[in-house]
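Read through the structure below, which is laid out as structure tokens, and then see the notes.
The values are calculated or read from the model by the stated rules, or taken from the named source; none is laboratory data. For clarity, every value in this text was computed on a predicted model and none was experimentally measured. For neighbour counting, all protein chains shown are included, and Cβ atoms are generated from backbone atoms with ideal geometry for every residue, glycine included. Quick note on the areas: whole protein, heavy atoms, side chains included, nothing else; ligands and nucleic acids left out. Shrake-Rupley method; radii C 1.70, N 1.55, O 1.52, S 1.80 Å.
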Amino acid sequence: MAQSVVARNPEPLSAINITPLIDVMLVLLIMMILTIPIASHKIPIDLPNQAPVTPSPETPHRLEIAETGALSWDGRAIRDAELAALLASSVREGGVLHLKTDPGTSYRRFNLVLADVKRAGVTRLGFIGHEQMAF
């Protein structure tokens, strides 16, 4: 024989499930722990107290390579042996070097002169005469 059990009217559950609330609070706590050190990180920077000084305009040295491969420094013809000493003095002065190459100059000659410029430690170099290649 089968008996049936009659359930009484179920009463509402008065307890709230707080597990999702705890999960959200833990995530927020972890996010705060990770972001607060980043926000409070400082990098010390010494800012200038005076107005910026405008540098005096420099007269750049001009090195030209002719179609024949001949070199000239500021309009004066030079030999290959003089180039290293002139470049070294330009680097000591902290000057700018402008390099102008004739379009008919061989690439090999240009490459050799550019290697000498690089070997001398010139860091401020500009190329002149290539305006037609600009956008």
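In segment 70-95, what count of residues is obtained for those that are open to solvent by less than 40 Å² (accessible area, probe 1.4 Å), assigned to a loop (DSSP other than H, G, I, E, B) and closer than 16 Å to GLY129 by Cβ?
Number of matching residues: 0.
HIS98: open to solvent by 40 Å² or more (accessible area, probe 1.4 Å), in contact with a Gly (Cβ under 6 Å, 6 or more places away or on another chain) and of a type outside the set (Asp, Glu), yes or no?
So HIS98 passes the test.
Within the set of pairs 6+ apart or on separate chains, which have a first residue in segment 48-60 that is in a loop (DSSP other than H, G, I, E, B), a second that is modelled with pLDDT of 70 or more and among the aliphatic types (A, V, I, L, M), and C-beta atoms under 7 Å apart?
Close Cβ pairs (under 7 Å, with a partner that is modelled with pLDDT of 70 or more and among the aliphatic types (A, V, I, L, M)) amount to GLU58/VAL96; PRO60/VAL96; PRO60/LEU97.
Are any residues in segment 102-120 closer than 18 Å to ALA84 by Cα, of a type outside the set (Asp, Glu) and open to solvent by less than 80 Å² (accessible area, probe 1.4 Å), and if so, which ones?
ARG109, PHE110, ASN111, VAL113, LEU114, ALA115, VAL117, ALA120
Are there any pairs with C-beta distances below 7 angstrom linking a residue in segment 104-118 that is without any contact (Cβ under 8 Å) to a residue 12 or more places away in the chain and on the phi < 0 side of the Ramachandran plot to a residue that is part of a helix (DSSP H, G or I) and among the β-branched types (Val, Ile, Thr), with the two at least 6 apart or on different chains, and if so which?
From segment 104-118, no pairs qualify.
Give the residue, chosen from ILE30, ILE36, that is open to solvent by 80 Å² or more (accessible area, probe 1.4 Å) and at pLDDT 90 or above.
Criteria check complete, one pass: ILE30.
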